[in-house]
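Asker: Below are the structure tokens for one structure; questions will follow.
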Amino acid sequence: MSRVASLASKVHSWKFWAETPIFCPKQFVKLRVVPVVELRSRNQEVKPEQMLAGFIPPARFARVRFNNYQPNIAFATQAQARARLEAFVRADTSKGLFGFLKKPSISPSLYLDGGFGVGKTHLLAATWHEFTGSKFFLSFAELTFAIGALGMPRAVEAFGQAKLLCIDEFELDDVGNTLVVSRFLGELLPRGTRVVTTSNTLPEQLGEGRFNADDFKREIQGIAAHFEGFRIDGADYRHREGLRPPQPLSSLQLKHAIENTTGNIAVETCTGLLRHLAAMHPIRFNHMLEDLDAVFLEGLAPIEKQDDALRFVHFVDKLYDREIKLSLTGEPLETLFPSSYKNGGYAKKYARCLSRLGELMRESALQR
């Protein structure tokens, strides 16, 4: 190819115009460069030390406290839950001068049950922020991965050094998790570590609809016995004032959004994303999104395989936690998950995912 032809082909590339200075009579102008990455190119290893150091509340919950939680006055349990957690935190600071000499006992732990969008994670993160002493904040999926990566003895030792362990979205998705978590809590709590966890499922109903929970009733009851349950009622705050999720963008609208977004962005097809998520462990999803300000997905379509759907749910959780703006093209959100999924054992996960997707899309639309 001649040099002229080569240059001509480059001129049609957006990278040429994004990276090439333009000379004007009065000034030197350089078009804004928009860093673009492909999510499928990211699959970082996560070392145990790096993993443990990252177990803190994510960006969306970095500023939450008890005093900026706004309970819905129509549901008294929301204000009651805040008061109970404030008392939980105060109890740790009133042990007396010689409290450190007392022999550790089974620590009182709290289990916050309620639907999505009632502020459970806000209250959990506020508890972490206002609790004095060593502490961890992580999702249930991250906990089970950490136990597997470290091994049970090292995991108990690592988390047992903390005074508080906050676990978001406690779920028993399979038999293995049930047995692992039952043993973990049985070994951790006698060390004096206090646990606060949130869930969309009552403790005694964990595992229902996902595996034969009756065969593991003893383990499930043993897990439930470690916690004081507290129910938080209410409606999803993301549906306040009758807000409906925005519709996906057209291809032209997406192109304009990409061109006018500052910061680091990722552009990916939904099909390519699902393939990439299937090839990596969910613990890496969070690190895959590091340093990104916005994600653009092309071709949203119904997800036919349940494994793909659950991985996508976890991916959306990480987008939400990191406050990463999301824009997409394709089918409406309500068609994403088949009705059999939305009415099955993971129904609450899918409902939470759709709620968070709508919130992310609204935030992106407001920014635009």
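Asker: Select from segment 44-61 the residues that are over 17 Å from the mean Cα position of the chain (by Cα) and more than 17 Å from residue 155 (Cα to Cα) and list them in ascending order.
Answerer: Across segment 44-61, the qualifying residues are 44, 45.
Asker: Give me the residue from segment 322-340 that is surrounded by fewer than 21 Cβ atoms within 10 Å (Cβ to Cβ) and under 20 Å from the mean Cα position of the chain (by Cα) and, out of that set, nearest to residue 294 (Cα to Cα).
Answerer: Selected residue: 326.
Asker: Related question: For the subset of segment 99-119 comprising residues that are in contact with a Lys or Arg (Cβ under 9 Å, 6 or more places away or on another chain) and hydrophobic (A, V, I, L, M, F, W, C), which member is modelled with the lowest pLDDT?
Answerer: 116
Asker: Pairs please, first residue from segment 52-81 and in contact (Cβ under 8 Å) with a residue 40 or more places away in the chain, second anywhere and in a loop (DSSP other than H, G, I, E, B) and among the charged types (D, E, K, R), Cβ atoms under 7 Å, 6+ apart in sequence or on different chains.
Answerer: From segment 52-81, the pairs are 58/322; 59/322; 59/323; 60/323; 75/233; 77/233.
Asker: Spot the failing condition for residue 237; the list is (1) closer than 26 Å to residue 122 by Cβ; (2) modelled with pLDDT of 75 or more; (3) not small (Gly, Ala, Ser), and only one is missed.
Answerer: So residue 237 meets the others, but not (2).
Asker: Please go through segment 321-345 and give me each residue that is out of contact with any Asp or Glu (no Cβ under 8 Å at 6 or more places or on another chain) and hydroxyl-bearing (Ser, Thr, Tyr), ordered by number.
Answerer: 327, 335, 339, 340, 341
Asker: For segment 278-314, how many residues are over 16 Å from residue 268 (Cβ atoms) and in a loop (DSSP other than H, G, I, E, B)?
Answerer: Within segment 278-314, residues that are over 16 Å from residue 268 (Cβ atoms) and in a loop (DSSP other than H, G, I, E, B) number 4.
Asker: Looking only at segment 321-347, filter to residues that are out of contact with any strand residue (DSSP E or B) (no Cβ under 9 Å at 6 or more places or on another chain) and part of a helix (DSSP H, G or I); which one of those is modelled with the lowest pLDDT?
Answerer: Filtering first and then ranking leaves 342.
Asker: Exactly one condition in (1) touching a Ser or Thr at 6+ places or on another chain (Cβ under 7 Å); (2) modelled with pLDDT under 75; (3) of a type outside the set (Lys, Arg) is false for residue 96; which is it?
Answerer: The single condition residue 96 does not satisfy is (1).
Asker: Can you tell me which of 138, 185 is assigned to a helix (DSSP H, G or I), at pLDDT 90 or above and either aliphatic (A, V, I, L, M) or over 21 Å from residue 320 (Cα atoms) (or both)?
Answerer: Exactly one residue qualifies, and that residue is 185.
The values are calculated or read from the model by the stated rules, or taken from the named source; none is laboratory data. Only a predicted model underlies this, so the values are computations on that prediction, with no experimental measurement involved. Here the Cβ is made from the backbone with ideal geometry for all residues, glycine too, and neighbour counts use every protein chain on show.
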